Amino acid sequence: MKTFLAFVLKEFQHVWRDKRSLFILIAMPVMLMFIFGFALSNEVKNSNIAILCPKPDEEVLSLIEKIDQSKYFTINKMMHNPNEIENYFKQNKGKMVIVFENDFADKLQHDKLANVQLIGDATDPNTATTMIGYAQGIIADYQKSLLGETNLPYAIQVETRMLYNPQLLSAYNFVPGVMALILTLLGTMMTSVSIVKEKEFGSMELLLVSPVKPIMVIFSKALPYALLCFIDVLIILLMARYVLDMPIRGNIFLLLAMSVLFIFTTLSLGLLISNSVDQQQVAMFISLVGLMMPSLIFSGFMFPIENMPKPMQIISNIVPTKWYFEILKSVMVKGLGFSYIWKHTLILVGMTAFFTLVAVRKFKIRLS
Amino acid sequence: MIGIVIKKEFRQIFRNPNILRMMMVMPIIQLIIIPFAADYEIKNIDLAIVNQDNSSYSQRLVQKLVAGNYFQLVEASTDYRTAQESIEKGHADLIITIPHDFEKNIIKENKATISISADAVNGVKAGLGNLYANQIIGQFNAEIREELLVMPRHNEIVNIQTFAQNRYNPHNDYHLFMVPGILALLVTMVGALISTLNIVSEKEKGTIEQINVTPLKKYQFIIGKLTPFWILGMISITIGFIISYVVFGIVSLGGYLSIYLYSGLYLLAVLGIGLLLSTFVDTQQQATLFSFFLMMNFVLLSGLYTAVESMPGWARFLSDLLPPSHFIKVIRSIFIKGSSVVDILPEFGIMAIFAVVLNGLAVMNYRKRA
């Protein structure tokens, strides 16, 4: 036991000595929380647009003013010729052009009907659709103000309640995602690379001839990263609570217990990888392509799983991150208890047992 | 001199199949899988309906909701609590409750209320689901209103008609948007990550000291190191083009020559990043971690998934400082809109500045000492 502790201490010192990596390991969750919390959104705000109207009359001008004043759009070009549209888009000056027909006010007054064309740059389809939708909303409001308020009979009103997340904050989706991602990165990639490094340099042989059981040597390597994982979980939870003001609804101990379980899952995967390969670059490649990418893609955190083709939905079930991500969402955001996540827990326990078993069986005391 | 270094690098690259595999397999897997996964078009929203009013109106409304492409009926009940439970279990995304006396209230009191509850953990989905439901209910409302009363003629009401046009991508094909962007990311990964790893592994193994004692000049060493990766980067772009054509049927609207021109310049900048990174780190583990850190920033801030325009000022500024943001913007303009070199001339200038500054810093930081 004492020798084992000495090994653990050695590993801690190794990790502690590499201050630069340590800095990144702590800075990564902080940075991700800031980017996801404050930088990324799907909202359209102050987006640049252009107006094409050769001879604007007062009706057009007041509508343009309404559009410019909205928080969604900023008009950065007034066009006079339809040929300008193409260049405007091709030079990435803005993402929508609103075209008013000539004699807009006249037509509105006499024909009671005037036309507006909204041309969106659908290179980014969702943004284009959203922008067109907002513009239509502004125009409809303007039209309503021309009509004056009139109440329609037989009205069906809709009352909407947004459960769990009334302000539709994206934090509720990404905080669990960031946690899952960081744990996968640290637990699997860092652990496997650090073990394989000893193999590559031949120092593994020295460790293996020590009085400590060989498998313990490997476990001692994983421990510092397990601790770092746990620290990162705490950082993320604290930031979610106090920087992003996101309430943590469920039982915090259940949450931490589940995180510890998932840390074990990632570590067992890391061990499995490190026992299967001999080169750092291969270990890295496997963790990156075999694990990091599937975790990002199939956990449901970046991309909605239900939109994927069926085969990919099935594949998503074998990605451990997916289950942890769902546990986090249920406990943290919805405040549900263990009775709702026992199935997920069981699956994670099963995966961990499986990976550990295979890793131990693959573990060779002798290097080739 | 330089030629000899290049020859050595190529030999080493071909001798170690791992690097080659990384360069070939990574782009192929990613390019094929991600566009299928990254479908942000929200459809198939799982709907639970609580119909407490067993009237012909409520049934018509239910049929109308289910008939469209947006919703998938997973549960129909008369009790809100069962529906809520299926939201908690994740079976349903949206509950629409039609209350008692819905039909009666419309006819007698001129108004009725329907309530929608959405699982808003995923805000985007909840918002869109709510929007779709509102649209359908609105249509239904208009239908029954028309049946119940003969509308007054619209002659006196002014009407502004809007016509929407989605230019360049009329069918809102998400693949068209994602494929060029992912292509850009792959080139970045190949260029920055693999060149860093290569140089750092020489550091770690100590072979860099052997190179340092040769009469080779600093710039010769660096050019010799970077040329093979520049060539491999260009090859992986080409593979990317082939895959986007074969798998997705996407061809560039603009000229491939302008893409290659810009990509060549971009690869210089990215290799500069890799080189600069390799002067900061000592082990492959560090290199991996640092490049992963960088890649995360690139992926999130470059506008690959979320529009740069929606970011706050500081994030837009950061995004402008990252070469991949520019590359993604340019490759999308050329691919999807068919922009020509003249259209994006300023972008060429910006990328040239990146290339010069990054490589300059790297060369300055590189010491011919271990």
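All of the numbers you see were taken from the coordinates with simple rules; none came from a lab. This structure is a prediction, so every number in the text was calculated from the model and none was measured. Note that each Cβ is placed from the backbone with ideal geometry, even for glycine, and that neighbours are counted across all protein chains shown.
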At what distance in nm do the modelled label points of B:Gln63 and A:Leu147 sit from each other, each positioned 7 Å from its Cα along Cα→Cβ?
2.8
Arrange B:Tyr256, B:Tyr219 by Cβ neighbour counts within 10 Å, fewest through most, would you?
B:Tyr219, B:Tyr256
Please compare each pair in A:Lys197/B:Lys218; B:Lys7/B:Lys329; A:Lys66/A:Lys90; A:Lys71/A:Lys144 to a cut-off of 25 Å on the Cα-Cα distance and tell me which ones are over it.
A:Lys197/B:Lys218; B:Lys7/B:Lys329; A:Lys66/A:Lys90
Residues A:Ser339 and A:Thr3, FRET efficiency given R0 of 56 Å [Cβ-Cβ distance, rounded to 0.05]:
0.80
Can you list residues whose amide H is under 5 Å from B:Ala164's amide H, if they're 5+ apart or on another chain and H is modeled 1.01 Å from N?
A:Leu118
State the extension gain, in nm to one decimal, for the chain segment bounded by B:Ile239 and B:Ser340, taking 0.36 nm per residue of separation less the distance between their alpha-carbons.
34.1 nm
Please give the contour-minus-distance gain from A:Lys362 to A:Leu227: 0.36 nm per residue of separation, less the Cα-Cα distance, rounded to one decimal in nm.
46.1 nm
Additional length obtainable on full extension of the chain from B:Lys205 to B:Met364, 0.36 nm per residue less Cα span
54.9 nm
Label-point separation (nm) for B:Val246 and A:Asn48, each offset 7 Å from Cα along Cα-to-Cβ?
3.9
Along the dipole axis of the protein assembly as shown (charges at Cβ: +1 for Lys and Arg, -1 for Asp and Glu; origin at the Cα centre), the most positive-end residue among B:Asn134, B:Tyr366, B:Ala92 is B:Tyr366
Let me check against my output: what whole-number percent is the relative contact order of chain A, with C-alpha pairs under 8 Å and at least 6 apart?
18
Note on the protein assembly as shown: alpha-carbon gyration tensor, axes a ≥ b ≥ c; rule is a/c under 1.5 for rounded, else prolate if a/b larger than b/c, else oblate; result oblate
Between A:Val158 and residues 5 or more places away or on another chain, the pairs with built amide H atoms under 5 Å apart involve B:Ile114
Counting only pairs 8 or more residues apart or on different chains, how many lysine pairs in region B:61-170 have their Cα atoms under 24 Å apart?
5
Report the FRET efficiency, 1/(1 + (r/R0)^6), for A:Gln69 and A:Lys112, where r is their Cβ-Cβ distance and R0 is 25 Å, rounded to 0.05.
0.45
Given a Förster distance of 45 Å, report the FRET efficiency between B:Thr214 and A:Ala27 from their Cβ-Cβ distance, rounded to the nearest 0.05.
0.75
Quote the relative contact order of chain B in percent (integer), defining contacts as alpha-carbon pairs under 8 Å separated by 6+ residues.
20
Once label points are set 7 Å from the Cα along Cα→Cβ at both A:Lys10 and A:Ile314, what is their separation, rounded to one decimal in nm?
4.7
In the protein assembly as shown the DSSP beta bridges are antiparallel at a rate, in percent to nearest 5, of 20
Looks like region A:31-171, by Cα gyration tensor root eigenvalues a ≥ b ≥ c and the a/c under 1.5 rounded cutoff (else prolate when a/b is bigger than b/c, oblate otherwise), is oblate
Taking only Cα atoms, what is the 0 to 90° angle, nearest 10, from helix A:342-362's long axis to the longest principal axis of chain A?
50
Would you pull out the residues with amide H under 5 Å of B:Leu73's amide H, same chain only if 5 or more places away, H placed 1.01 Å from N?
B:Leu47
Does region A:182-230 come out rounded, prolate or oblate by the C-alpha gyration tensor, with a ≥ b ≥ c the root eigenvalues, rounded set by a/c under 1.5 and, if not, prolate when a/b is larger than b/c and oblate if not?
oblate
How large are Rg and Dmax for chain A when only the alpha carbon atoms are used, in Å?
28.5, 98
Of the residues A:Pro247, A:Pro54, A:Pro304, which exhibits the maximal mean-square fluctuation in a Gaussian network model of chain A defined by a 10 Å Cα contact cut-off?
A:Pro54
Of B:Gly254, B:Gly233, B:Gly313, the one that fluctuates the most in a GNM where chain B has Cα springs shorter than 10 Å:
B:Gly313
GNM of chain A, Cα pairs under 10 angstrom: of A:Ile119, A:Ile248, A:Ile35, the biggest fluctuation goes to A:Ile119
